[in-house]
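Structure record follows, encoded as structure tokens.
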Amino acid sequence: MPFFDRPVEKPEELFDREEELGALRRAVNSYAITVVVGFRRVGKTSLIKAATHGMPRIYVDVRKFESFQYMTYDMFLDELRKSVVSFLSFDKRVLDYIKAVKGVRVFGVELEFSHGRARPLLTSILEALDSWARDRGTRLVVVIDEAQELTKLRGYNIIPAIAYAYDNLRNISFVFAGSKIGLLYRFLKVQDPASPLYGRYMERIELKPLSREKAVEFLRKGLEEYGIKVSEEFLERAVEKLNGIIGWLSYLGLRVVGKGNASLHTIDEVLEEASKIAISEFCNFVNAMGSKRYIEIVKAVGSEGATWSEVKRYLELKLGTKIYDSELARLLKNLIDNGFVEKRDNTYIIPDPILRYATKAIRC
Ligand SMILES: Nc1ncnc2c1ncn2[C@@H]1O[C@H](COP(=O)(O)OP(=O)(O)O)[C@@H](O)[C@H]1O
Ligand SMILES: [Mg+2]
């Protein structure tokens, strides 16, 4: 089945991506830290799951904190705990290692982490996992998906634990994935000389949208497998609207399969539904940041793109007040770090075709 409404799990289910698959497999076997970056829905999670399929892997998804203003170490630990519990189906012997960690209790195949002062240290948990991997003669991959959300972690810094693992735990390799590239690097603090991760090598894999040709092929071949023939016009229009974003193309594919035929009207329907999703994700950001000004900026950038002074003029008109350059710079930087806006030459643009299409309709 070529279209999925959730991340792909197995390599044979992936369309294209042979090169990235090979690169990621090599990376997790050779480097302590690999960073996988790319827009939302280009297929990062799918690539990572497929590349590490069948390998010892702990997969922590912190995406759910996207709509939160902050998160605590206990919240993070709870996600980690769940991931370790799922990993037990791979090898129950992990329990023998993890139960020796202070602050961890084991009941059958359930784990409990203490809270507050007695809570386990991330370093100790990683050490236990490393020992498990060492004794099995294997490498454990620890994936933190949408890792940029960890910039919201308050009261605890996990970077020293990761730096410690980098230096000492040879049987663990990390994969940090993120769709908000600026934030991801801000979280990892690779550029900050005061950070324990400063200057550490990280392999970087960037996932790009499919080329026009590949996007057309993905839709055509996928639909053919369901016995649905499509016109060139349909394919051209679909790719013009959804670009090479495989998640949106899959969404359209599933919709067409559900209806049993491919009419141009379905593309418009999908655009409308996708817009609602993209707007609600953008509104999560607006709410987490606590300023409606982001909405006006995105409207100013709109479907055509805008220069700094165009954005500024629009914003001042809309708000009826003067905006300082430093304020606008800060707002734009947050939009860029969060992946909603990009700067190309001197123009700000919205890279996501759906959000770009939907700007006029945004209300949060
Ligand atoms: N290589 C691929 N082949 C087929 N479908 C894919 C591929 N990559 C992603 N998808 C589909 O696209 C959607 C988004 O993929 P996902 O991996 O969740 O993206 P991301 O993690 O970058 O947001 C999912 O429904 C997934 O099934
Ligand atoms: Mg993902």
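The values are calculated or read from the model by the stated rules, or taken from the named source; none is laboratory data. Just so you know, these numbers come straight off a predicted model, no measurement behind them. No Cβ is skipped: glycine too gets one built from the backbone with ideal geometry, and neighbour counts run over all protein chains shown. Note: accessible area is taken over every heavy atom of the protein model, side chains too, but ligands, DNA and RNA are not part of it. Shrake-Rupley method; radii C 1.70, N 1.55, O 1.52, S 1.80 Å.
Considering only residues in region 6-38 that are under 16 Å from the mean Cα position of the chain (by Cα) and near ligand 1 (Cβ under 7 Å from one of its atoms), the one that is farthest from Phe90 (Cα to Cα) turns out to be Gly38. Counting only helices (runs of 4 or more DSSP H) that sit wholly inside region 275-364, those with at least 2 residues that are under 26 Å from Arg41 (Cβ atoms) and in contact with a Ser or Thr (Cβ under 6 Å, 6 or more places away or on another chain) are 293-301, 353-358. Counting only residues that are open to solvent by 50 Å² or more (accessible area, probe 1.4 Å) and either within 16 Å of ligand 2 (Cβ to nearest atom) or modelled with pLDDT under 95 (or both), region 13-38 holds 1 of them. Screening Asp167 against (1) touching a strand residue (DSSP E or B) at 6+ places or on another chain (Cβ under 6 Å); (2) part of a helix (DSSP H, G or I) leaves a single unmet condition, (1). Scanning region 50-67 for residues that are in a helix (DSSP H, G or I), farther than 24 Å from Val109 by Cβ, modelled with pLDDT of 95 or more and open to solvent by less than 10 Å² (accessible area, probe 1.4 Å) turns up at least one hit. Checking Ser46 against (1) within 16 Å of ligand 1 (Cβ to nearest atom); (2) under 29 Å from Asn338 (Cβ atoms); (3) open to solvent by 50 Å² or more (accessible area, probe 1.4 Å): exactly one of these is not met. Which one? Of (1) within 16 Å of ligand 1 (Cβ to nearest atom); (2) under 29 Å from Asn338 (Cβ atoms); (3) open to solvent by 50 Å² or more (accessible area, probe 1.4 Å), only one is false for Ser46: (3). Checking the structure you have, find out if any residue of region 58-80 is within 16 Å of Leu140 (Cα to Cα) and of a type in the set (Lys, Arg). Checked against the condition, which is being within 16 Å of Leu140 (Cα to Cα) and of a type in the set (Lys, Arg), region 58-80 yields no hits at all. Residues in region 145-156 that are part of a strand (DSSP E or B) and within 13 Å of ligand 1 (Cβ to nearest atom): Asp145 alone.
Answer with yes or no whether Arg93 is surrounded by fewer than 16 Cβ atoms within 10 Å (Cβ to Cβ) and within 14 Å of ligand 1 (Cβ to nearest atom). Taking the combined requirement at face value, the residue does not satisfy it. When only residues in region 1-12 that are surrounded by 14 or more Cβ atoms within 10 Å (Cβ to Cβ) and in contact with a Leu (Cβ under 7 Å, 6 or more places away or on another chain) count, which is nearest to Ala51 (Cα to Cα)? For region 1-12, the residue satisfying everything is Pro11. Close contacts from region 43-55, counting a first residue that is in the same structural domain as Asp91 (by TED's automatic domain parsing) and a second that is near ligand 2 (Cβ under 9 Å from one of its atoms) and of a type in the set (A, V, I, L, M, F, W, C), with Cβ to Cβ under 9 Å and a gap of 6+ residues or different chains, come to Lys44/Ala177; Thr45/Ala177; Leu47/Ala177; Ile48/Ala177.
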